[in-house]
Structure formats: structure tokens, C-alpha cells
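The values are calculated or read from the model by the stated rules, or taken from the named source; none is laboratory data. Only a predicted model underlies this, so the values are computations on that prediction, with no experimental measurement involved. All Cβ positions, even for glycine, are placed from backbone atoms using ideal geometry, and neighbour counts span all protein chains on display. Just the protein is used for accessible areas: all its heavy atoms, side chains included, with ligands, DNA and RNA removed. Shrake-Rupley method; radii C 1.70, N 1.55, O 1.52, S 1.80 Å.
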Amino acid sequence: MLMRHAIGSVLRRLRTERGATLRELSESSRVSVPYLSEIERGRKEASSEILAALCRVLDVTERELLSQVVAEFADAEVLTLVRDDTRPPATLLAA
């Protein structure tokens, strides 16, 4: 999992938990709707300034956002381990 995917996932969850639309978040944060959409889908990386603006509007601290991102990574790692348990062990390629 890439950092931008985890950040996007957390931002989308926070926005929807608050009942806000992309347009509402866009207007409050002064970040365009298309760019917000790209961030939430993990296709664009948000600058620290944009993240700070989004946190302010979503009423979370940057620390809380990053804590949730860490949890998102942990969940992804568990899913990877579960999926890997179903596959046969990898073999080493001979040089």
C-alpha cells in the first residue's frame, strides 16, 4: 500500500462520517473538487498545506489524521499476511 492510498482512504472516511460531500469539503477547504477526488482515490499526493486545510475543515488534528493512516497501513498489512497464507511459499530463482 502506498502512503497516498492510505491518506485518501482516511480522508474519504472522515468526510463521509461527517456527512460532507466532495463539493462541501472543496468549498470549505478551497481545494478543487477534482483534486480532492484524486486525493481520496490515492491518485494524487496532497501537500502538507492541503492536508492541514483538510484537517482544519474535518475538525481533526494532523496527528489524528496520521494516526488513522498508520492504522490503515496496519490493516493492509494484516490483509496481505492473510492473503499470503493461502499461497504456496515463494521459490528462489537460480541466478
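Scanning segment 50-78 for residues that are closer than 18 Å to Leu22 by Cα and either open to solvent by 90 Å² or more (accessible area, probe 1.4 Å) or touching a His at 6+ places or on another chain (Cβ under 7 Å) (or both) yields a total of 2. If the condition is being surrounded by 13 or more Cβ atoms within 10 Å (Cβ to Cβ) and either touching a helix residue (DSSP H, G or I) at 6+ places or on another chain (Cβ under 7 Å) or of a type in the set (A, V, I, L, M) (or both), then segment 30-49 contributes Val31, Val33, Leu36, Ser37, Ile39, Glu40, Arg41, Gly42, Lys44, Glu45, Ala46. Glu27 meets the conditions (1) of a type outside the set (A, V, I, L, M); (2) open to solvent by less than 90 Å² (accessible area, probe 1.4 Å); (3) part of a helix (DSSP H, G or I) in every case but one. The failed one is (2).
Condition test on Leu14, is it open to solvent by less than 60 Å² (accessible area, probe 1.4 Å) and of a type in the set (A, V, I, L, M)?
Here the answer is yes, as Leu14 does meet what is asked.
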